[in-house]
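These notes concern the structure reproduced below.
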Amino acid sequence: MNDKPEPSPEDNRRLLDTLLPRKDELKARERIAIPAQPMPAQPARERVRNMSEVALGYAHDQARLEALRCLQCKNAPCVKGCPVAIDIPAFVKAIADGDTADAIAIIKRNSLLPAICGRVCPQETQCQLDCTVGKSLKDVELSVSIGRLERFAADWERESGRMLPPEVKPETGRKVAVIGSGPASLTVAADVRREGHAVTLFEAFHKPGGVMMYGIPEFRLPKAIVQLEIDTLKAMGVRIVTDYVVGRTRKLKDLLERDGFDAVFVGTGAGLPKFMNIEGENLVGVFSANEYLTRSNLMRAYDEGAADTPIRRGRHVAVLGGGNVAMDAARTAVRLGADEVHLIYRRTEKEMPARIEEVAHAKEEGIRFHLLRNVKRILGDETGRVVSVECLKYELGPPDDSGRRRPVEIPNSEYVLPMDTVVVAIGNDSNPLIPQTTPEMETNRWGNIVVNENNRTSMPGVYAGGDIVLGAATVILAMGQGRQAAAAINEQLREETKS
Ligand SMILES: Cc1cc2nc3c(=O)[nH]c(=O)nc-3n(C[C@H](O)[C@H](O)[C@H](O)COP(=O)(O)OP(=O)(O)OC[C@H]3O[C@@H](n4cnc5c(N)ncnc54)[C@H](O)[C@@H]3O)c2cc1C
């Protein structure tokens, strides 16, 4: 992590005072010499006792200094790395110039959810990966912190009360149903509603927001920020219907044939947890990360005084996996009061799919990493409760289909670790209900809905996007797909109105 040592606010002000008068003439080497700004964060020993956001956001001077590090490259490799092609040099320059209102306006041309993406996007593998500053300093962690600057601009807009709902064109009388309420669906709802079409969003849970509400914990993504996006949709006139399971409450086809919707978007995500299919996985004390995180986040089980939701407050917790979901589960277990949290992963840290920042935060919070290890079976007592896990050691072999080196079991390397709780976080498959109850819609062998380049499915008037199409992916990719699908839906309705 590039987060140490931290310059004081006075140091930053002094540095800014020397740089700002010449800000447009600064040479590349002067920009590169500006220290990368660390993200202020709650100290680890304090944050493990609360659910509040860990990263606190840049102060104004920090943001301007960080923005001054940008070289304004003509070829903008950062934009090529952004799935929604935000004009990054332009918004970063606006921050350097002190015009945050312009910065957020530039971002919002391409991204509807900047406060969310600025917090959870894997920038180190996207926009920041090929940043010239990072390349010059030979460290991707020293790239310009584009995500933190995006968050700064979005937070500034929200906190200064300037967030206005987008304008909605006059009513067209056309009706669109949006199924699910994750980032793909929220984007579709906003972009379609803007054109004046009536939008109804159907969500299976009692609260909209998808994984951003039920999966990603409060300490990484405050729910108030997600709620604000939902409130904005409501203010635009989007009708939100919760506790409505399409495929059960109503079939997808009925929405078109009986309920009078002119188009339907399916954004039902990848919420079906994968299990390891090993002995002991049905013991009391074994959870999917989905269930564990949903109990804690959506049902607020961590807030014992305010919620009735039960959750297991294990003392010795094993989390199996190495992605963002595993980090979120492990860090939640710490906050729920575990004495020890063990993260067990088959490969090395280099192959971990989790964001670098999340891995670093997890380590700071005392989570013990068991790398090149996997659980062979879970052992229970006579009452059916977990008492330990039997692990196996691994080594890395040649690369597999994912391009990562394959973990290979070391024979006879078994050993036992005492545990009372096991959280399985090895990935998710697509939600199967709509594909199962809509046999006329084409899916692939993983159960993902097949779409064309405009996110149209094989059923006329039905579009899909996000994890239900891509398999478990990211917020920004889901949002990008939502944009594409909304454009196609708006086009369909425009064409139909003409004819
Ligand atoms: C714990 C966790 C942490 C993550 N961390 C990150 C991260 O740091 N950065 C990142 O970019 N990505 C992260 N991801 C992935 C990211 O959240 C997803 O890629 C993204 O949310 C997918 O968006 P979506 O719109 O496709 O669907 P989702 O967000 O999955 O939302 C789908 C919604 O559809 C609803 N639904 C399902 N079936 C039906 C039905 N039949 N009828 C009505 N509603 C239905 C579901 O209840 C859900 O609310 C994480 C995922 C998890 C689980």
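Table for the structure above
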quantity: Yes/no for ARG312 being among the basic types (Lys, Arg) and in a loop (DSSP other than H, G, I, E, B); calculated: yes
quantity: Odd one out for MET51 among (1) touching an Asp or Glu at 6+ places or on another chain (Cβ under 6 Å); (2) within 30 Å of LEU112 (Cα to Cα); (3) assigned to a helix (DSSP H, G or I); (4) of a type outside the set (Val, Ile, Thr); calculated: (3)
quantity: Which numbered condition ILE378 fails, given (1) surrounded by 15 or more Cβ atoms within 10 Å (Cβ to Cβ); (2) at pLDDT below 95; calculated: (2)
quantity: Test for ALA190: is it modelled with pLDDT of 95 or more and not β-branched (Val, Ile, Thr); calculated: no
quantity: Subset of segment 153-187 (residues that are within 17 Å of GLU229 (Cβ to Cβ), charged (D, E, K, R) and touching a residue at least 40 places away in the same chain (Cβ under 8 Å)); calculated: ASP155, GLU157, ARG158, ARG162
quantity: Subset of segment 445-469 (residues that are surrounded by fewer than 21 Cβ atoms within 10 Å (Cβ to Cβ) and either within 12 Å of the ligand (Cβ to nearest atom) or not in a loop (DSSP other than H, G, I, E, B) (or both)); calculated: ASN448, ARG456
quantity: Where GLY215 falls short, out of the listed (1) small (Gly, Ala, Ser); (2) within 20 Å of ASN490 (Cα to Cα); (3) buried (at least 21 other Cβ atoms within 10 Å of the Cβ); calculated: (2)
quantity: Matching residues, segment 260-284, being crowded, with 20+ Cβ neighbours inside 10 Å and more than 30 Å from GLY173 (Cα to Cα); calculated: ALA270, GLY271, GLY280
quantity: Elements of type helices (runs of 4 or more DSSP H) contained in segment 76-151, each with 1 or more residues being over 20 Å from the mean Cα position of the chain (by Cα) and away from the ligand (no atom under 16 Å from the Cβ); calculated: 77-80, 88-96, 100-110, 132-136
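Table: residues versus (1) out of contact with any Gly (no Cβ under 9 Å at 6 or more places or on another chain); (2) crowded, with 19+ Cβ neighbours inside 10 Å.
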| residue | (1), (2) |
| --- | --- |
| LYS169 | no, no |
| GLU203 | no, yes |
| ARG220 | yes, yes |
| GLU229 | no, yes |
| THR232 | yes, no |
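Yes/no per residue for (1) over 21 Å from HIS361 (Cα atoms); (2) crowded, with 20+ Cβ neighbours inside 10 Å; (3) hydrophobic (A, V, I, L, M, F, W, C):
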residue: SER8; (1), (2), (3): yes, no, no
residue: LEU19; (1), (2), (3): yes, no, yes
residue: ARG22; (1), (2), (3): yes, no, no
residue: ALA28; (1), (2), (3): yes, no, yes
residue: GLN37; (1), (2), (3): no, yes, no
residue: CYS73; (1), (2), (3): yes, no, yes
residue: PRO77; (1), (2), (3): yes, no, no
residue: LYS93; (1), (2), (3): yes, yes, no
residue: ASP99; (1), (2), (3): yes, no, no
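The values are calculated or read from the model by the stated rules, or taken from the named source; none is laboratory data. Since this is a predicted model, take the numbers as computed values, not measurements. Positions of Cβ are generated from backbone atoms using ideal geometry, with glycine treated the same way; all protein chains shown enter the neighbour counts.
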